[in-house]
Amino acid sequence: MAINFPEGWTYWPSKIFQVKTSTFTSVHTHTALAWASTGLECAITPLDTSHKILILCNAALRVNNLGNTSYHEAEGQYRITANTGSGDNPMYGGSAGIRLSGYAGQKHFSTNITHNIRDGISNLNQRTYKLQFGGANNTFQIILNNQLHYHATGAEPTESSMITLIEYLP
């Protein structure tokens, strides 16, 4: 594999075997404490156990405090899971949100999250990688693909989130 940087070509002794991409444009809203899938997911069936899977996830999300003006924050948790047939196994996660000390009122926080994760392959079973939301506890709301626009232009773009899977030999 090689990339042509401005300084010249850089070569790596790697080989890409397959690439799978899933784009999700629907809006998904989550307000519960328990983890739940957002609908953004992508599946791949590995070709060899010596290969690796590179998971690239980019998601547009917004959190808010559901109008609970007594709260100083709005927060939600997210995670990326891998499922090889025995349930969703968490791989990586984080939180997104905002806290304004001393100011209670409606809170909205929009952001994009990007994660690049490498997964080893122990068997050749199909695996599905998913973005899940949790931790809202009916106090907060975390929303996929619905960022807040205060000034509509009349031609708002369709927001999208994506997972790309690349099977490669390191």
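Of the strands (runs of 3 or more DSSP E) lying entirely inside region 9-48, the ones with 2 or more residues being open to solvent by 50 Å² or more (accessible area, probe 1.4 Å) are found at 15-24. When region 118-140 is filtered for residues that are open to solvent by 20 Å² or more (accessible area, probe 1.4 Å) and farther than 19 Å from Glu75 by Cβ, the ones remaining, listed by number, are Arg118, Asp119, Gly120, Ser122, Asn123, Leu124, Asn125, Gln126, Thr128, Lys130.
Residue count for region 49-92 under the criterion of being buried (at least 19 other Cβ atoms within 10 Å of the Cβ), among the small types (Gly, Ala, Ser) and either touching a Pro at 6+ places or on another chain (Cβ under 8 Å) or more than 27 Å from Ile16 (Cβ to Cβ) (or both): the result is 2. Among the residues examined, His30 qualifies as over 19 Å from Glu167 (Cα atoms) and of a type outside the set (S, T, N, Q). Put simply, of Ser37, Ser22 the only residue that is in contact with a Lys or Arg (Cβ under 7 Å, 6 or more places away or on another chain), closer than 20 Å to Phe133 by Cα and touching a residue at least 60 places away in the same chain (Cβ under 8 Å) is Ser37.
In region 71-123, what residues are aromatic (Phe, Trp, Tyr) and either under 15 Å from Ala60 (Cβ atoms) or modelled with pLDDT of 90 or more (or both)? Outline the logic, then answer.
Here is the first cut: in region 71-123, the residues aromatic (Phe, Trp, Tyr) are 71, 78, 92, 103, 109.
Tyr78, Phe109 - these are the residues of region 71-123 that are aromatic (Phe, Trp, Tyr) and either under 15 Å from Ala60 (Cβ atoms) or modelled with pLDDT of 90 or more (or both).
The values are calculated or read from the model by the stated rules, or taken from the named source; none is laboratory data. Everything numeric here is computed off the predicted structure, so don't read it as measured data. Glycine also receives a Cβ, built like all others from the backbone with ideal geometry; neighbour counts cover every protein chain displayed. Side chains included, ligands, DNA and RNA excluded: accessible areas come from the protein's heavy atoms. Shrake-Rupley method; radii C 1.70, N 1.55, O 1.52, S 1.80 Å.
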